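J.: Below: one structure in structure tokens.
Every number here is computed from the coordinates shown, using simple stated rules; none is lab data. Nothing here was measured: the structure is a model prediction, and the numbers come from that model. Heads up, the Cβs are rebuilt from the backbone with ideal geometry, glycines too, and the neighbour counts pull from every protein chain shown.
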Amino acid sequence: MKVEQRVISASDLREDPDLLAELRDGADVIERRIAPATTELRAAGDGSWTLTGLAAVYENESQDLGNFREIIKRGAFRRVLKQDGLDVRCLFNHDQNLVLGRTPATLVLREDPRGLVYEVNVAPTTVGNDLRVLLERGDVTQSSFAFKVGAQEWSEAEDGTLIRTITDFADLLDVSPVTFPAYRETSAESVPNQVSSNEPVASRDSSTRELEQGGEGTVEQPAPQADSQPRRADETGAHRHRSRRLRLREKRAA
């Protein structure tokens with residue numbers, strides 16, 4: 001019977017300080033990390049397209065992962081990438097139902113001076129086409145990878161911060177373009193939309209602008225009932241007030 005392993009992410013480490021002790025003791029768990037995705041899209045003649053991304057960054061100290069920071073040493077993926085029969089998937093959002101590619105057929109993994117690079121030929125499936133739109137719009141901007149540590153070193157920085165240095169990975173399970181809207185490490189530069197996406201921005205802005213500027217060729221629409229009704233009520237009241245004053249003047253003159 002296959003025992004399901006725990007999968008922990010940076011958010012789990014921040015929320016549960018006890019996990020740190022398990023990691024230091026070499027717990028047999030699957031971990032996930034996320035990194036800014038430098039992606040490149042190239043179209044192919046058969047409708048497929050190629051996504052190249054950076055899943056892990058070398059020699060770059062992470063943000064706080066839960067009372068410690070992490071560094072991946074250059075060359076840490078070297079051994080795992082040379083494994084015979086290496087079987088790694090490229091998934092969208094780590095979802096095993098949203099497969100984008102798989103080694104060795106449609107997914108290539110390699111190291112470069114920056115870190116772990118993945119290149120996947122994505123079929124024109126529904127998930128593939130949807131992902132391409134999200135990447136081109138900038139809605140998906142990060143990559144992640146799932147791994148098991150082979151060798152690690154723990155040290156303490158001058159300010160007392162605990163540093164975990166990963167020197168070797170025992171296993172690599174998947175690489176994944178991901179969406180993490182509230183992920184602390186990458187949300188600092190996100191800018192909320194100023195206009196609700198449920199409103200037709202172009203038609204609303206253009207009609208308002210043309211009416212205010214009196215643009216040529218603009219057909220001014222009648223005011224909505226809700227706006228015009230108060231004005232008619234005000235005019236009626238003013239007419240009645242003038243009529244009462246006129247009647248009072250006539251009585252005084254008599």
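J.: Determine, yes or no, whether Val99 is in contact with a strand residue (DSSP E or B) (Cβ under 9 Å, 6 or more places away or on another chain), assigned to a helix (DSSP H, G or I) and among the hydrophobic types (A, V, I, L, M, F, W, C). First the steps, then the outcome.
T.: Working: in contact with a strand residue (DSSP E or B) (Cβ under 9 Å, 6 or more places away or on another chain): yes; assigned to a helix (DSSP H, G or I): no; among the hydrophobic types (A, V, I, L, M, F, W, C): yes.
So Val99 does not fit the description; no.
J.: Still on this structure, I have one more. Is at least one residue of segment 118-128 over 22 Å from Asp168 (Cα atoms), charged (D, E, K, R), in a strand (DSSP E or B) and within 22 Å of the chain's Cα centre (by Cα)? Break it down stepwise before answering.
T.: As a first pass, look at segment 118-128 and keep what is over 22 Å from Asp168 (Cα atoms): 120-128.
Filter once more, so that each one left must be charged (D, E, K, R): none.
No, the conditions are met nowhere in segment 118-128.
J.: State the number of residues belonging to segment 60-109 that are under 24 Å from the mean Cα position of the chain (by Cα), surrounded by fewer than 18 Cβ atoms within 10 Å (Cβ to Cβ) and on the phi > 0 side of the Ramachandran plot.
T.: Result for segment 60-109: 1.
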